[in-house]
1. Return the residues of region 22-55 that are closer than 30 Å to M1 by Cα and either loosely packed, with under 12 Cβ neighbours inside 10 Å or among the acidic types (D, E) (or both); say none if nothing qualifies.
2. How many residues are among the charged types (D, E, K, R), part of a helix (DSSP H, G or I) and either at positive phi or more than 10 Å from the chain's Cα centre (by Cα) (or both) if we restrict to region 1-53?
3. Among K14, K42, which is out of contact with any Phe, Trp or Tyr (no Cβ under 8 Å at 6 or more places or on another chain) and modelled with pLDDT under 90?
4. Return yes when Y10 is free of Cβ contacts under 8 Å to residues at least 60 places away in the same chain and exposed (fewer than 10 other Cβ atoms within 10 Å of the Cβ) and no when it is not.
5. Cβ-Cβ below 9 Å, separation at least six or inter-chain, first residue in region 34-52 and under 14 Å from F21 (Cα atoms), second among the acidic types (D, E) and assigned to a helix (DSSP H, G or I): which pairs?
Amino acid sequence: MKTEKGRNLYKRRKETIERIFADMKELCGIRYANYRGSEGVKAQALITATALNIKKIATILSK
């Protein structure tokens, strides 16, 4: 954060990393757990993240 490069990287964070979590919560239903227990919630999060990654790869390959 003390260098110009660091400030620019931090500004881009909201466009890249934070956007992914927002999409998971709003579009994929990760805001509420569909399963009970930590293992079920972990499985839900992993499946959701995998689906978003596949979607991202498909978008890149279609260009």
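1. Matches in region 22-55: A22, D23, E26, N53.
2. The first filter runs over region 1-53 and keeps only residues among the charged types (D, E, K, R), leaving 2, 4-5, 7, 11-15, 18-19, 23, 25-26, 31, 36, 39, 42.
Next cut, part of a helix (DSSP H, G or I) only: 4-5, 7, 11-15, 18-19, 23, 25-26, 39, 42.
Those left that are additionally either at positive phi or more than 10 Å from the chain's Cα centre (by Cα) (or both): 4-5, 7, 11-15, 26, 39, 42.
Number satisfying all stated conditions: 11.
3. Working: K42 fails: modelled with pLDDT under 90.
Of the residues listed, the single one that is out of contact with any Phe, Trp or Tyr (no Cβ under 8 Å at 6 or more places or on another chain) and modelled with pLDDT under 90 is K14.
4. Values: free of Cβ contacts under 8 Å to residues at least 60 places away in the same chain: yes; exposed (fewer than 10 other Cβ atoms within 10 Å of the Cβ): no.
The answer is no for Y10.
5. L52/D23
The values are calculated or read from the model by the stated rules, or taken from the named source; none is laboratory data. Because the structure is predicted, anything quoted here is derived from the model rather than measured. In this analysis, Cβ positions are derived from the backbone assuming ideal geometry, glycine residues included, and neighbour counts consider all displayed protein chains.
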